[in-house]
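Right, one structure below, let's go through it.
The values are calculated or read from the model by the stated rules, or taken from the named source; none is laboratory data. Small disclaimer: the values here were computed from a predicted structure and weren't measured. Note that we place each Cβ from the backbone using ideal geometry, even for glycine, and neighbour counts take in every protein chain shown.
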Amino acid sequence: SFDKEIESRIKQVLDNLEFLSSLKGDLGLKEVIVVGLESGSGSKVSQKLPSTSLVVENVIYGRDYDKEIIFNWLTSDADNCNQPSILSVVGMGGMGKTTLAQLVYNDQRIEQEAKFDIKAWVCVSHDFDVVRVTREILQAFTKSKNKDGNLEMVHRELKEKLTGKRFLLVLDDVWNEKREKWEAVQTPLNYGAQGSRILVTTRSGKVASTMR
């Protein structure tokens, strides 16, 4: 399918970058080891800060080809009529997944050619609490912070916001591998109009499979 072709091309690009990263020892780069607070054992983790949709143009190089691949997916007619089309960009930390998503999100052609009615950016990170993630998606779409209540209330508000609207949602740095959690978040998103898109960045191929 078109989506699988796009995923394959993005994976090839990221695999090349991952090979370069594997040379970190020769380049004198180091990994940071920190102590896990819960397990009490040492583990390798990234010190990634929460992301936003803003991108610093003057520090970005060589992303035009990658960006065009995703842009073509955003503007294509390949749709799943029952739910938004989802594309996952998978790669290890530091490979530029977030930057790539930022470039696409801020491309002026999005409004001209993809014609999304509404768009939102949410940095998910490790803690995939269903209520929190759904609430943050609602806040991102409504540009409002005053969204309290249980999952039922948040689901209904998000459904009302998205019903009949073609939307773009970026979920950055997703770690959740439990399908039932994703399905709980996804439920109100399925009320968006045909042509809606969800772009995911993750380090895990299992996460990408979970969110298909």
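Taking the criterion of being more than 11 Å from the chain's Cα centre (by Cα) and β-branched (Val, Ile, Thr), the residues of the range 171-203 that qualify are Val185, Thr187. I'd like to know if the range 184-193 contains one or more residues that are in a loop (DSSP other than H, G, I, E, B) and of a type in the set (Ser, Thr, Tyr). No, because not a single residue in the range 184-193 is in a loop (DSSP other than H, G, I, E, B) and of a type in the set (Ser, Thr, Tyr). Filter the range 188-201 down to residues that are out of contact with any Lys or Arg (no Cβ under 8 Å at 6 or more places or on another chain) and not basic (Lys, Arg) and give me whichever is nearest to Ile70 (Cα to Cα). The extreme case among them is Leu199.
Taking the conditions (1) exposed (fewer than 14 other Cβ atoms within 10 Å of the Cβ); (2) more than 26 Å from Lys67 (Cα to Cα); (3) touching a residue at least 12 places away in the same chain (Cβ under 8 Å) in turn, Leu158 satisfies each one other than (1). Of the residues making up the range 124-155, those that are closer than 23 Å to Ile70 by Cβ, among the aliphatic types (A, V, I, L, M) and in a helix (DSSP H, G or I) number 3. Of all residues assigned to the range 121-130, none qualifies as being in contact with a helix residue (DSSP H, G or I) (Cβ under 6 Å, 6 or more places away or on another chain), farther than 15 Å from Pro84 by Cβ and surrounded by fewer than 17 Cβ atoms within 10 Å (Cβ to Cβ).
Counting only residues that are under 18 Å from Gly195 (Cβ atoms) and either β-branched (Val, Ile, Thr) or in contact with a Cys (Cβ under 6 Å, 6 or more places away or on another chain) (or both), the range 148-163 holds 1 of them.
Applying the condition of being of a type outside the set (Gly, Ala, Ser), at pLDDT below 90 and touching a strand residue (DSSP E or B) at 6+ places or on another chain (Cβ under 9 Å) to the range 72-82 and asking which residue is surrounded by the fewest Cβ atoms within 10 Å (Cβ to Cβ) yields Asn80. On the given criteria, is Val131 among the aliphatic types (A, V, I, L, M), more than 17 Å from Thr52 (Cβ to Cβ) and in contact (Cβ under 8 Å) with a residue 12 or more places away in the chain? Spelling it out, Val131 is indeed among the aliphatic types (A, V, I, L, M), more than 17 Å from Thr52 (Cβ to Cβ) and in contact (Cβ under 8 Å) with a residue 12 or more places away in the chain.
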